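> Got a structure for you, questions after.
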Amino acid sequence: MARVVSVNISEEKGTPKHPVESVTLKLRHGIVGDAHAGDWHRQVSLLAEESIDTLRAALPDLSPGAFAENITTEGIVLKDLSPGTRLRLGETEVEVTQIGKECHGECAIRKAAGTCVMPTEGIFAVVRREGVVHPGDTVEIIKEVTP
């Protein structure tokens, strides 16, 4: 069963995200208290723990939020989802809007490891049902869109 491993926020743009006990997802906003929240198509970012693991040989101390992801998951291949796919995260629902995003010019992970997984394996979503997400909550595909 797929689950949420960590929920992460940053209070200012340009700073690493850090794990918190829970996050509140709000319609037309994203994650309450996160610097990247707003009424746009990348309200929530997600990255699979399995993707992070591919870089742990080079960077063993990678922690949740290191890739600026709001929600770290395990047991679901996020990179294979298509825009329009809907996920249930605990009591909330999000809709995938984008797969991947180029790193900022000075990506510390790319510099240290020679590569980064966020541009090809991270996903972005908008909130479709408000609520709270905690580590340990289940992740479920509730509407799959195929390319």
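The values are calculated or read from the model by the stated rules, or taken from the named source; none is laboratory data. Just so it is clear, the model here is predicted, and its values are computed rather than measured. Methodologically, a virtual Cβ is constructed for each residue, glycine included, from the backbone with ideal geometry; neighbour enumeration extends over all protein chains shown. Accessible surface areas use protein heavy atoms only, side chains included; no ligands, DNA or RNA. Shrake-Rupley method; radii C 1.70, N 1.55, O 1.52, S 1.80 Å.
> Run the quick spin-label model on H134 and D61: label points 7 Å from Cα toward the beta carbon, then report their separation in nm to one decimal.
Here the answer is 3.1 nm between the modelled labels.
> Another question about this same structure. Taking only protein heavy atoms into account and a 1.4 Å probe, give the accessible area per residue of the chain in Å².
Per residue, the chain has an accessible area of 49 Å².
> Check each of the trypsin sites (Lys or Arg not before Pro) in the stretch 1-57 and keep only those in coil by DSSP with at most 15 other C-beta atoms within 10 angstrom; list them in order.
Of the trypsin sites (Lys or Arg not before Pro), the ones in loops of the stretch 1-57 whose Cβ has at most 15 other Cβ atoms within 10 Å are K13, R28, R56.
> With a sphere of radius 12 Å drawn around the Cβ of K79, what net charge do the other residues whose Cβ falls strictly inside it have (Lys, Arg +1; Asp, Glu -1)?
Spelling it out: positives minus negatives among the neighbours equals -3.
> Right, something else. For the chain, what does -39500 (n - 2.57) per DSSP helix run (n ≥ 4), summed and divided by total residues, give at 222 nm, in deg cm²/dmol to the nearest 500?
It lands at -2000 deg cm²/dmol.
> Still on this structure: Once the piece of chain linking E50 and K101 is laid out straight, how much longer is it, given 0.36 nm per residue of separation minus the C-alpha distance between them?
Once the chain is fully extended between E50 and K101, it gains 16.6 nm.
> Sort the stretch 1-107 into rounded, prolate or oblate with this rule: let a ≥ b ≥ c be the square roots of the eigenvalues of the Cα gyration tensor; rounded if a/c is under 1.5, and if a/c is not under 1.5, prolate when a/b is larger than b/c, oblate otherwise.
In terms of gyration-tensor shape, rounded.
> Any idea what the relative contact order of the chain is, in percent, if you count C-alpha pairs under 8 Å spaced at least 6 apart?
Relative contact order of the chain: 34 percent.
> Next question, about the same structure. What's the carbon and sulfur percent of the chain's accessible surface, probe 1.4 angstrom, rounded to a whole number?
50
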